[in-house]
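Only one structure is covered here, and it is reproduced in the block below.
The values are calculated or read from the model by the stated rules, or taken from the named source; none is laboratory data. Please read these numbers as outputs of a predicted model, since none were measured by experiment. Ideal geometry is used to build each Cβ from the backbone, glycine not excepted, and the neighbour counts take in all protein chains shown. Side chains are part of the model used for accessible areas, which takes the heavy atoms of the whole protein and leaves out ligands, DNA and RNA. Shrake-Rupley method; radii C 1.70, N 1.55, O 1.52, S 1.80 Å.
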Amino acid sequence: MQILLSPAKDMTDSPSVSLPSLTTPLFLAEAEHNAEQMSELSTEELSQLLKINPQLAALNKQRYTDFPALTPQAAVLSYTGMAYRHLRAAEFSPEDLAYAQQHFWMTSFLYGLLRPLDGIKNYRLEGNVVLPEHDGQTMFQFWRTRLTNVLIDESRRWSALFLRQWRDETAFRLEARDKGSEGDHAYFPSDGEW
């Protein structure tokens, strides 16, 4: 089984535990490029684009400006939304972390897809944001094919069913496709409903 969890808006700069080794996000180059584009926006533009107050916009302007120099933290410990708080990853044993690293995915509007130990930096980004170099695509559209392809490959590799948890407004819209593996199908409806 593979588990897919939606992104969280809330993040911490200082997780309660630190892990000795981090992994590299699958789409790190895309994340760095997205962060660079976000850093070019003014605080006022970020406030309007992300629909956040000026204080949060200033915080995120600083995050994106400092992005290359920020220290990455484990993704599963960085998010602090409700689902992540109830996950209690800080209490995972080494065996739990190893299992989660193989069976647990997190979606991200900046990073695309993450594994628990992937090193990430704090950010704020929404699915309806259109970045200048994405040819008019929202972040949902930018990630759609990329995520669908990876998840189909993973379901093929593990002969696994994906379970997902997300709120409708943050759901990635995955493509409807047959994974094409000897009668075993992974279906990712285009409207985000499973």
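Among 121-129, 5-13, what's the highest-first ranking by average C-beta atoms within 10 angstrom per residue? Working shown, then result.
Values: 121-129: 19.8, 5-13: 17.1.
Result, highest mean first: 121-129, 5-13.
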For Ser78, net neighbour charge (Lys/Arg +1, Asp/Glu -1) across residues whose Cβ lies under 13 Å away: +3
Accessible-area ranking of Leu151, Leu59, largest first, probe 1.4 Å: Leu59, Leu151
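Accessible area per residue of region 51-142 at 1.4 Å probe, in Å²?
On the way: 4220 Å² over 92 residues.
Per-residue accessible area for region 51-142 comes out at 46 Å².
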Thr71/Asp96 FRET efficiency (R0 22 Å; Cβ-Cβ; nearest 0.05): 0.40
Largest-first principal axis extents of the Cα set of region 24-111 (Å): 44, 27, 20
Accessible surface of Ile152 - all protein chains present, 1.4 Å probe, nearest 10 Å²: 10
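Tally Lys/Arg at +1 and Asp/Glu at -1 over every other residue whose Cβ is under 10 Å from the Cβ of Arg63; what's the total?
Working: positive: Lys61, Lys121, Arg124; negative: Asp13, Asp66.
Its environment carries a net charge of +1.
Quick one: net charge around Pro116, please, counting Lys, Arg +1 and Asp, Glu -1 for every other residue with C-beta under 14 Å from its C-beta. Can you show the working numbers first?
Details: positive: Arg88, Arg115; negative: Glu91, Glu95, Asp96, Asp118.
Within the 14 Å Cβ shell, the charges total -2.
With a Förster radius of 22 Å, plug the Cβ-Cβ distance of Gln48 and Gln137 into 1/(1 + (r/R0)^6) and report the FRET value to the nearest 0.05. The partial results should precede the final answer.
Numbers: r = 19 Å, r/R0 = 0.86.
So, using R0 = 22 Å, E works out to roughly 0.70.
Could you check how much of the accessible area of region 60-118 is carbon and sulfur, as a whole percent, using a 1.4 Å probe? Mind showing how you got there, number by number?
Numbers: 1500 of 2580 Å².
Solvent-exposed carbon and sulfur of region 60-118 make up 58 percent of the total.
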Relative packing of 98-107, 20-29, which averages over residues the other C-beta atoms within 10 Å, highest first: 98-107, 20-29
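When only C-alpha pairs under 8 Å and at least 6 residues apart count, what is the relative contact order of region 11-147, in percent? Kindly include the intermediate steps, with their values, before the conclusion.
On the way: 179 pairs, mean separation 44.8, N = 137.
Answer for region 11-147 is 33 percent.
Please report the orientation-averaged projected area of region 60-167, defined via the convex hull of its C-alpha atoms, in nm².
On the way: hull surface 32.1 nm².
With every direction weighted equally, the projected area is 8.0 nm².
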